[in-house]
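Heads up: the structure comes next, in structure tokens.
All of the numbers you see were taken from the coordinates with simple rules; none came from a lab. Model, not experiment: these values are computed from the prediction. All Cβ positions, glycine included, derive from the backbone under ideal geometry; neighbour counts span all protein chains shown.
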Amino acid sequence: MNPYEVLGVDRSASAEDIKKAYRTAAMKNHPDRNPGDHKAEERFKEVAGAYEVLSDPSRRDAFDRYGTTDAPGSASGMGGMHDIFSGFGLDDAMRAFMENFGFSSGGSGSRAVHGEDVSVRVNLDLEEAALGGRRDIEVERNVACGKCSGTGADATAGSDTCRQCNGAGKVSSIRNTLLGSFRTVNQCNVCNGRGTIPKKLCTGCKGRGFKSKKSTIAVDLPAGLSKGHYIRLRGQGHHPGQDGVPGDLKLLINSIDYGPFKREEDDLVYPLTISYPQAVLGGEFSVPTPDGDSIKVKVGSGTNSGTRFKHKHHGMGRLNRRGRGDLLVEVDIHVPSKVKRGDKELLKKLDESSSFQVKNR
Ligand SMILES: [Zn+2]
Ligand SMILES: [Zn+2]
């Protein structure tokens, strides 16, 4: 699916246009306006997912270039455009809608409290970017307190019935939206839907339900990543405590060191510098590959500067797809700024030879 198509905007649309299109589409398909219409609900989620992509410059850029916004094959097994839409729940869509249009998101149903995302920037070397790999990432994040399993309560002390909801865990309220007022049943925000209030707080976390902890997380990197891409590991971010759901860990590709290579989409270009006699006579040269080994490249006689020799499947891995790009060896003829006296004599002789004269000069 294409987020531009979902919102019905042009690829060159401004941020303002995108927001306008999102607002129109979201209001048209809003579940409050289309009760019981599952198609509208799906459409509403899609619209919110598309807006999430296009309102984030780095994700929009990644989609423009690679047709994807999320890297696949990550440790969570999530990724790709498909995931953006299918992973976007109705609650997420509702929350995004409310937040984007200036409403408090306090009344969007019985969704659990979400922890914050943790973002980590990583710099890749060529081999990791081309072939993928596994990285150990050090993160300091809030994890569920082991003593109370994240509830923040001392279970041995028992609990009282919540007075806000009389133990129901839910309260009904009037929600004001762009579309009018709606009566909704929401999770009780005093007891977080539990219906009970602990008599004593957990001493391990002082009732917060989480503790800060340093951890090392192994992350699988798919082949073919680019700068600006990120890998989302669901549920690996901060734990919010009190029965909440942890946020995500976002691994942002900060830079890639391509070494002597230049990247052109999935292809890699290696500049091979040779001498004028080598260009005229041809020869065999050793060229490095992103795999760490080298290949022999035959340069035919009479090769000009800028000529490219293609070595199939020695380039970057293709993100989201099978196979690899090519390695393009680009010949560059070196002209020395200084030559030895003996060489000068040889060059003069060569220049005097009529067969080496350039015609029509
Ligand atoms: Zn605790
Ligand atoms: Zn309550």
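Data table
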{"quantity": "Net +/- balance of residues flanking E352 in space, Cβ distance below 14 Å, scoring K and R +1, D and E -1", "calculated": "+1"}
{"quantity": "Max mean-square fluctuation residue, GNM over the chain, Cα-Cα springs under 10 Å, options K19, K298, K211", "calculated": "K298"}
{"quantity": "Exposure proxy order (Cβ contacts within 10 Å, fewest to most) of I256, I231, I174", "calculated": "I174, I256, I231"}
{"quantity": "Computed magnitude of the charge dipole of the chain (debye, nearest 20; Cβ of K, R +1, Cβ of D, E -1)", "calculated": "520 debye"}
{"quantity": "Set of lysines with alpha-carbon distance to K298 below 25 Å, sequence-local pairs under 8 removed", "calculated": "K262, K310, K312"}
{"quantity": "P(r) of the chain over all Cα-Cα pairs, binned every 20 Å from zero, in whole percent", "calculated": "22, 40, 23, 11, 4, 0"}
{"quantity": "Extension reserve of the S305-K206 stretch, reckoned as 0.36 nm per residue once the Cα distance is removed", "calculated": "28.6 nm"}
{"quantity": "GNM flexibility winner over the chain from H38, H238, H229 (Cα, springs under 10 Å)", "calculated": "H38"}
{"quantity": "5 angstrom amide H check on E264, placed H, neighbours 5+ away", "calculated": "V269"}
{"quantity": "Cα-centre dipole for region 262-353 with unit charges at Cβ (Lys and Arg positive, Asp and Glu negative), debye to 20", "calculated": "60 debye"}
{"quantity": "Order of E140, E127, E16 under a 10 Å beta carbon neighbour criterion, fewest first", "calculated": "E16, E140, E127"}
{"quantity": "Translational diffusion of region 262-353, µm² s⁻¹ [Kirkwood Rh, Cα pairs; Stokes-Einstein; 4 °C; 1.567 mPa s]", "calculated": "87 µm²/s"}
{"quantity": "Spin-label pair R135/D117, simplified geometry with 7 Å Cα→Cβ offset, distance in nm", "calculated": "1.5 nm"}
{"quantity": "Distance (nanometres) between label positions extended 7 Å along Cα→Cβ at S58 and S14", "calculated": "2.6 nm"}
{"quantity": "Relative contact order of the chain, defined on C-alpha pairs under 8 angstrom at six or more residues apart (%)", "calculated": "17 percent"}
{"quantity": "Over region 168-316, relative contact order from alpha-carbon pairs under 8 Å, at least 6 apart, %", "calculated": "13 percent"}
{"quantity": "Highest-MSF residue in the chain out of H239, H313, H334 [GNM, Cα springs under 10 Å]", "calculated": "H334"}
{"quantity": "For G193, residues with placed amide H under 5 Å, excluding near neighbours", "calculated": "C188"}
{"quantity": "Under 5 Å, built H, 5+ apart or other chain: amide partners of D154", "calculated": "K200, L201, C202"}
{"quantity": "Proximal charge balance of E330 [Cβ under 9 Å; K/R count +1, D/E count -1]", "calculated": "+1"}
{"quantity": "Whole-Hz ³J(HN,Hα) from phi, Karplus 6.51 cos²θ - 1.76 cosθ + 1.60, for region 266-272, glycine and proline x", "calculated": "9, 9, 10, 10, 10, x, 9"}
{"quantity": "Within the chain, percent of DSSP bridges classed antiparallel, to nearest 5", "calculated": "70 percent"}
{"quantity": "Selection from L319, M98, H38 lying farthest towards where the dipole of the chain points positive, charges on Cβ", "calculated": "M98"}
{"quantity": "Computed [θ] at 222 nm, deg cm²/dmol, the chain (DSSP H ≥ 4; -39,500 (n - 2.57); rounded to nearest 500)", "calculated": "-7000 deg cm²/dmol"}
{"quantity": "Within region 279-319: backbone nitrogen closer than 14 Å to the H334 label point (7 Å, Cα to C-beta)", "calculated": "279, 285-286"}
